[in-house]
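Structure first, commentary second.
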Amino acid sequence: MWILLAVVSALCLGAYDIFKKISVDGNNVPVVLFFNTLFSALLMSPVLFMGIAGDGVILGGGVTGHIHILIKSFIVLSSWLLGYFGLKHLPLTIAGPINAARPVIVLVGALLIFGEHLNWLQWVGILLGFWSLFFISRLGGKEGFSFKHSKWLWFSIGATFMGAVSALYDKWLLKLYEPLEVQAWYSFYQLIIMGVTLWLVVRFTPGKTRFHWSWAIPFISVFLTIADLAYFYSLSIEGSMIAVVSMIRRGSVIVSFVYGVVALHEKNIRLKLIDLSVLLVGLLFLVLGSR
């Protein structure tokens, strides 16, 4: 069941990336991100209201629970800010595979922190993921996005690293609190943090927050909320493995890749398709090894 939830999360993340790319195209990133956190908080607000109307205690953890969720919010927002800027300036068929490197970092953390063990099928899947990352980095250089000269690549790498930190933190966090409560409260805290951030941006950089509304913006929050719900419940199931769940979620690159090819007509599609095929085979090995 936890694998199926991870696959659902991956499909929704692919749609999330597409609407994110549409929303930030020629738009102000902090403003788009603020609206994303606003709609996400609104979607999860019934959970907050029910909790407050009940015993009024967050996650059964009092102040400690608030601190834990606040840390989660800062980690996720750091990843999002870096990722939004990277996605705005990079092709989807480059940014997507870079984000797919997240399980590599998660794997190291899962082995060192949680003592998870992978069978030979899962190791093959991870190694194919390594190869996919190396290949896409070479393709990025051909399109003028080399690691040496493009800060947006480094933004995407930073977003990937922070996303991996978030995934490892989630595995620990969900042993203490209910998934729905975690998502609801961290969405609320993200809205507050992003609201303060946007106020600072407007206050100290006037004239640089030009924004145009796009109906793609609410869909960012809708698909992200569904993806996170499926993800949290996947991790909360006994026997789930963070390294495998994270790798399956990177299958979202398939959805965004197809959009980049069909709608955006991005370059070097044949070589990128080879890279994507390798990634798919790697995901298949992970799924087979987890049955």
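Against the definition (touching a residue at least 24 places away in the same chain (Cβ under 8 Å), farther than 27 Å from LEU43 by Cα and in contact with a helix residue (DSSP H, G or I) (Cβ under 9 Å, 6 or more places away or on another chain)), how does PHE232 come out, yes or no?
no
Suppose we filter region 211-229 for residues that are in contact with a helix residue (DSSP H, G or I) (Cβ under 8 Å, 6 or more places away or on another chain), under 29 Å from ILE248 (Cα atoms) and either open to solvent by 10 Å² or more (accessible area, probe 1.4 Å) or not β-branched (Val, Ile, Thr) (or both); how many remain?
12
Counting just the residues of region 157-210 that are part of a loop (DSSP other than H, G, I, E, B) and under 29 Å from ALA110 (Cα atoms), which one comes out most open to solvent (accessible area, probe 1.4 Å)?
Once the filter is applied, the top-ranked residue is LYS175.
Is there any pair linking a residue in region 109-123 that is farther than 17 Å from ASP170 by Cβ to one that is of a type in the set (Gly, Ala, Ser), with Cβ under 6 Å and at least six apart or on different chains, and which?
ASN119/GLY289; LEU121/GLY289; GLN122/GLY289
For the structure I just gave you, tell me whether LEU174 is closer than 22 Å to GLY62 by Cβ and in contact (Cβ under 8 Å) with a residue 40 or more places away in the chain.
Yes; evaluated as a whole, the condition is true for this residue.
Just one of LEU33, LEU111, LEU59, LEU77 is at pLDDT 90 or above and surrounded by fewer than 22 Cβ atoms within 10 Å (Cβ to Cβ); which is it?
Exactly one of LEU33, LEU111, LEU59, LEU77 is at pLDDT 90 or above and surrounded by fewer than 22 Cβ atoms within 10 Å (Cβ to Cβ), namely LEU77.
If I filter region 248-264 for residues that are out of contact with any helix residue (DSSP H, G or I) (no Cβ under 9 Å at 6 or more places or on another chain), at pLDDT 75 or above and farther than 17 Å from VAL106 by Cβ, do I get at least one hit?
yes
With respect to LEU284, is the statement that it is more than 29 Å from LEU111 (Cα to Cα), open to solvent by 10 Å² or more (accessible area, probe 1.4 Å) and assigned to a helix (DSSP H, G or I) true?
no
Criterion first (modelled with pLDDT of 75 or more and either in contact with a His (Cβ under 6 Å, 6 or more places away or on another chain) or not in a helix (DSSP H, G or I) (or both)) does TRP152 satisfy it?
Answer is yes for this residue.
Checking VAL258 against (1) closer than 22 Å to GLN183 by Cβ; (2) open to solvent by 10 Å² or more (accessible area, probe 1.4 Å): exactly one of these is not met. Which one?
Among (1) closer than 22 Å to GLN183 by Cβ; (2) open to solvent by 10 Å² or more (accessible area, probe 1.4 Å), the lone unmet condition for VAL258 is (1).
The values are calculated or read from the model by the stated rules, or taken from the named source; none is laboratory data. Keep in mind that what you see is a predicted model, and the values were worked out from it rather than measured. Here the Cβ is made from the backbone with ideal geometry for all residues, glycine too, and neighbour counts use every protein chain on show. Accessible surface areas use protein heavy atoms only, side chains included; no ligands, DNA or RNA. Shrake-Rupley method; radii C 1.70, N 1.55, O 1.52, S 1.80 Å.
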